[in-house]
Amino acid sequence: MYIWKFDSCVEDDQIAEYSRDESPDRFLFREGKRFDSDLGVPKFEFERSSAELSKLDSVPNTAMVPLVSSKFAIALRSNYPKFLGID
């Protein structure tokens, strides 16, 4: 089993705030399954600019779930399908 963690040295302005009032229950993401879009779209608030965020492969967040770039997601899917539960 692996646990997704972000570095404890991350500064507060680097951590995205999960908007619990406007988003699906964050624990749905921990199940590692796709969920119906009828539940809503997860929303995060960032203190960094889009340009800064676009350079990152992963963004730590208060939901404590992986928030990764599409480039990194493609690499994970290609190299670790069984780890991600993709057959």
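For residues that are more than 13 Å from the chain's Cα centre (by Cα) and of a type in the set (A, V, I, L, M), scanning just the range 39-75, find the one that is nearest to D13 (Cα to Cα). So, considering only residues that are more than 13 Å from the chain's Cα centre (by Cα) and of a type in the set (A, V, I, L, M), the one nearest to D13 (Cα to Cα) is A51.
Residues are listed down the side, and each one gets a yes or a no for (1) assigned to a loop (DSSP other than H, G, I, E, B); (2) loosely packed, with under 13 Cβ neighbours inside 10 Å; (3) modelled with pLDDT of 85 or more; (4) not hydroxyl-bearing (S, T, Y):
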position	(1), (2), (3), (4)
K5	yes, yes, no, yes
P24	yes, no, yes, yes
K71	no, yes, yes, yes
D87	yes, yes, no, yes
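The values are calculated or read from the model by the stated rules, or taken from the named source; none is laboratory data. In this text the structure is predicted, and so the values were computed from the model without any measurement. Note that each Cβ is placed from the backbone with ideal geometry, even for glycine, and that neighbours are counted across all protein chains shown.
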